[in-house]
There are 2 protein chains.
Amino acid sequence: MTEFGFIEAIRTLCADLPRNGFEGIGDDCAVLPTGAGESLVFTADLLTEGVHFLRAATTPEELGGKALAVNLSDVAAMGARPVATLLSIALPADATQEWAARFMTGYHALAARYGVALIGGDTTCSQTGITINVTAIGRAPDGHLKRRSAAAADDVLFVTGRLGASGAGLRDMLSGTYDTPLAAEHRNPRPQVEEGQWLGARPEVHAMMDLSDGLASDVCHIMACSSVGAAIDLDRIPVAEGADLRTAACGGEDYKLLLSASRDAAGQLAADYRNRFGEPLYEVGRIVAGNALTWRRDGAEVLLDWRGFEHY
Amino acid sequence: MTEFGFIEAIRTLCADLPRNGFEGIGDDCAVLPTGAGESLVFTADLLTEGVHFLRAATTPEELGGKALAVNLSDVAAMGARPVATLLSIALPADATQEWAARFMTGYHALAARYGVALIGGDTTCSQTGITINVTAIGRAPDGHLKRRSAAAADDVLFVTGRLGASGAGLRDMLSGTYDTPLAAEHRNPRPQVEEGQWLGARPEVHAMMDLSDGLASDVCHIMACSSVGAAIDLDRIPVAEGADLRTAACGGEDYKLLLSASRDAAGQLAADYRNRFGEPLYEVGRIVAGNALTWRRDGAEVLLDWRGFEHY
C-alpha cells in the first residue's frame, strides 16, 4: 500500500465522523476557526530511523532542528504563525543521554529562533530505532489563511527560493559523502516562517503550500484541490547551485513555498517581497484551465513524465 | 536516563521559550484559553511495538482502539470534551494492508462512539516496528478545567472505578495467556469520557487526573503539584475482580479517574454520580497537609514502599 493509498483509505473510513468545527483534511494543516476572526492550524510529522534519517549521517542537533523545521514549514505554508509544538520521541537503549540532550539542543535552538512554545508530548523507550513525532500548532487571522484550493486560472505560480539543493544533498549522502554543502542543506532545512506569514497577509496570494515532495508532485495537489491545470516553464525553475534541473523539479524536501497569485498584482507582490526579504519570488509558470500539468521550454510544450519524490 | 529525567531535562532547557498563551507543562493536557470563556487542551501519546504492545498479543482493532483511548482519557481527566485527533503511524513492510485496515477499524469505532474528528496526521513506513502517535484536542469551558494543582488539605480522594484489572491482565499476558478477561481489559481500556466531562462541570471537584501509572504513583503528582500530602485507606481501594490489592494500588493503565473533592460536598457528589452513571465514586482516602503519602489500614498507618508502574 502506498502512503497516499492508506491516507485515502483512512479518509473514506472516517468520512462519517463529525468535524466538530474543523475544516476537512487536504491542506498542509487542519484549520479550527476559534471565533474571534482567528483560526488555529494543526499539523503532524513522523520521522523514523532508516527511512527519514540515518543516525550515522546526521548529527543529533541537525535531527532535532529538522524534526521541528518540517512542521514549522507546514504552518508557514498556511500563512500562519507557529506558536506551539508537542514532541513525542522514542529512544532505543543505544541512543545515549548525550544523544538525547544534543537532539533537544537542536530542537530548542529552532524553537527559540521562531518563538515557538513546547507544550507537551511523550517520551518513551524503543525496542528498535529512534522515532520522532512533532505536532505543531499555528495561529492566523482567518483572512490570512492560504489553502491549496484557492488557485484560479491565469494565476502566476511562484516559488520562494532555489530548488534541488536538498535532493542533490540526499544523493550525495546516499553515495556515502556527508560533508558537502548540499548534504548540509538536506540535513538543515530552514522553514520559511517569516515568508509564509508575510505572504499570508497578502490577499493577492491565492493558493500556497510547502515543497516537501518536489515541485512536480506538489503542484498537482494545488491542481487537484483547485480543479485547475498548470504550465511550468523549465527555463524559469530556479536551480540551486550544484543541483540539476530535474532534481530541482522532482527532488523532495526543499521546504520552499509554492504559491499562486493574481496575475494583475503579481509584479507588485514580487517587488514588495524582494524589498522585504532581499530575495526574489521566482515565477515558474501559470495556473491554467483544465486539469493537466504541462512543461514548457521557450514557450513550447515539452513532453516529460517527471514526478516528485515519493516519501513513503 | 529515566522518562522523568528526560522530561525534566527538556523542561529545564525549554524554560526560556515563550508560552504564547499556553499554560505550563504538568497536567494531563496543555491548555490554551481561546478567549470566549473556553479553552482548548492538547495531549500526545506515543506507542512503540515491543514496549507498549506485542503484535502477537493484541488484535489490530484492539491496538487502534487503545491508541485513541489513552489520549481520550487524558482529555477527560482535564474535564474536557475530546473533539479531534491527529494520528501518525509508521508501518513496517511486514504489517499488511489488512493489518492497517483493521487497526483503523478499531480507531474509527472509538472515535465514532465519542464523536471525535480525525483531522490529520502522518503515515510512513518503518524499517523496524510499528509506531503510533496520537495527538488529541479537547474543549471545555474555562471553569470546567481540572488541574493537578487544585487539591486542598481535607479534600476527599475518589477513584471512578475498580482498579488492578489492567495490571493483572498484563501479568497474564506476560505469562503467555492472552485469552483471559483481565488480559482483554488490559488491551481494551475504556476512557471515561462522559465521566470526566460530568466531573469537570462540578465545582466541588478540585484536582483530577487519569490513572495511567497506578494510584501509588499518580497520587504523588497531585501531591507535588498541589503541595499537599495524601493518606490512602488500603481497605477502601476498590480491587477489580481477579486482581490483588497491590496490583490495584500499583498497576498501571487502568485509565480510571483520580480526583479530589471538597469534603463538605463529597457525599452529594458521590450520590449524584451514582445517579448519573449507575456506579459509585469510590472514596479511597484524604488529602492532608504536608507532603507525604501514607497508607492506612483500619485507620492506622502501615509502612509500605509501594510505587506505581514505570512506563519508560
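Numbers at a glance
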| quantity | calculated |
| --- | --- |
| Any hit, segment A:128-135, residues being small (Gly, Ala, Ser), in contact with a Pro (Cβ under 8 Å, 6 or more places away or on another chain) and at the interface with another protein chain (Cβ under 10 Å from one of its Cβ atoms) | yes |
| Evaluation of A:LEU215 against (1) under 12 Å from the mean Cα position of the chain (by Cα); (2) modelled with pLDDT under 95; (3) not basic (Lys, Arg) (one fails), failing number | (2) |
| Single match in B:LEU211, B:LEU170, B:LEU182, B:LEU174 (criterion: free of Cβ contacts under 8 Å to residues at least 60 places away in the same chain and open to solvent by 10 Å² or more (accessible area, probe 1.4 Å)) | B:LEU174 |
| Qualifying residue in segment A:82-96 (condition: touching a residue at least 12 places away in the same chain (Cβ under 8 Å), open to solvent by 40 Å² or more (accessible area, probe 1.4 Å) and not in a helix (DSSP H, G or I)) | yes |
| Residue check for A:THR48: β-branched (Val, Ile, Thr), out of contact with any Leu (no Cβ under 7 Å at 6 or more places or on another chain), within 22 Å of A:ARG187 (Cα to Cα) and open to solvent by 10 Å² or more (accessible area, probe 1.4 Å) | no |
| Flag for B:ASP298 being more than 19 Å from the chain's Cα centre (by Cα) and without any contact (Cβ under 8 Å) to a residue 60 or more places away in the chain | no |
| Residue in segment B:132-148 that is aliphatic (A, V, I, L, M), part of a helix (DSSP H, G or I), surrounded by 24 or more Cβ atoms within 10 Å (Cβ to Cβ) and within 20 Å of the chain's Cα centre (by Cα) present | no |
| Residue match in segment B:57-76 (condition: open to solvent by 10 Å² or more (accessible area, probe 1.4 Å), among the aliphatic types (A, V, I, L, M) and at pLDDT below 95) | no |
| Test: residue in segment B:158-165 that is in a helix (DSSP H, G or I) and either within 21 Å of the chain's Cα centre (by Cα) or surrounded by 24 or more Cβ atoms within 10 Å (Cβ to Cβ) (or both) | yes |
| Test for A:ASP45: is it without any contact (Cβ under 8 Å) to a residue 12 or more places away in the chain and either away from every other protein chain (no Cβ under 12 Å) or among the acidic types (Asp, Glu) (or both) | no |
| Selection status of A:LEU110, more than 7 Å from chain B (Cβ to nearest Cβ) and either more than 30 Å from A:SER227 (Cβ to Cβ) or among the β-branched types (Val, Ile, Thr) (or both) | yes |
| A:SER227 vs. criteria modelled with pLDDT under 95, open to solvent by 20 Å² or more (accessible area, probe 1.4 Å) and of a type in the set (S, T, N, Q) | no |
| The lone exception for A:GLY37 - which of (1) within 19 Å of B:THR34 (Cα to Cα); (2) buried (at least 22 other Cβ atoms within 10 Å of the Cβ); (3) more than 7 Å from every other protein chain (Cβ to nearest Cβ) it fails | (2) |
| Subset of segment A:86-107 (residues that are at the interface with chain B (Cβ under 7 Å from one of its Cβ atoms) and either under 23 Å from the mean Cα position of the chain (by Cα) or among the acidic types (Asp, Glu) (or both)) | A:LEU86, A:SER88, A:MET104 |
| Matching residues, segment A:174-227, being more than 23 Å from A:ARG246 (Cα to Cα) and among the β-branched types (Val, Ile, Thr) | A:VAL193, A:VAL205 |
| Single residue of segment A:242-293 satisfying the filter (within 24 Å of A:TRP306 (Cβ to Cβ) and among the basic types (Lys, Arg)) that is most open to solvent (accessible area, probe 1.4 Å) | A:ARG246 |
| Filter pass, A:ALA153 being farther than 27 Å from B:GLY26 by Cα, more than 8 Å from chain B (Cβ to nearest Cβ) and under 20 Å from the mean Cα position of the chain (by Cα) | no |
| Top-ranked residue in segment B:7-27 [being assigned to a helix (DSSP H, G or I) and either closer than 13 Å to B:PHE42 by Cβ or among the β-branched types (Val, Ile, Thr) (or both); ranked as least open to solvent (accessible area, probe 1.4 Å)] | B:ILE10 |
| Matching residues in segment B:185-199 - criterion: being assigned to a loop (DSSP other than H, G, I, E, B) and either open to solvent by less than 50 Å² (accessible area, probe 1.4 Å) or closer than 26 Å to B:GLY285 by Cα (or both) | B:PRO189, B:ARG190, B:PRO191, B:GLN192 |
| Residue in segment A:111-121 that is part of a loop (DSSP other than H, G, I, E, B) and not aromatic (Phe, Trp, Tyr) present | yes |
| Test: residue in segment B:115-128 that is open to solvent by 20 Å² or more (accessible area, probe 1.4 Å) and under 18 Å from B:MET209 (Cβ atoms) | no |
| Of the criteria (1) touching a residue at least 12 places away in the same chain (Cβ under 8 Å); (2) at the interface with chain A (Cβ under 9 Å from one of its Cβ atoms), which one B:VAL75 fails | (2) |
| Residue tally, condition more than 16 Å from A:LEU215 (Cα to Cα) and charged (D, E, K, R), over segment A:298-309 | 2 |
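Table: residues versus (1) over 21 Å from the mean Cα position of the chain (by Cα); (2) facing another protein chain (nearest Cβ under 9 Å); (3) within 30 Å of B:GLN97 (Cα to Cα); (4) touching a residue at least 12 places away in the same chain (Cβ under 8 Å).
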{"residue": "A:THR12", "(1), (2), (3), (4)": "yes, no, yes, no"}
{"residue": "A:ALA15", "(1), (2), (3), (4)": "yes, no, yes, no"}
{"residue": "A:ILE25", "(1), (2), (3), (4)": "no, yes, yes, yes"}
{"residue": "A:PRO33", "(1), (2), (3), (4)": "yes, no, no, yes"}
{"residue": "A:THR59", "(1), (2), (3), (4)": "yes, no, no, yes"}
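The values are calculated or read from the model by the stated rules, or taken from the named source; none is laboratory data. Bear in mind the structure is a predicted one, so any value in this text is a computation, not a measurement. Note: ideal-geometry Cβ built from the backbone for every residue, glycine included; neighbour counts use all protein chains shown. Areas reflect the complete protein model, heavy atoms only, side chains present, ligands, DNA and RNA absent. Shrake-Rupley method; radii C 1.70, N 1.55, O 1.52, S 1.80 Å.
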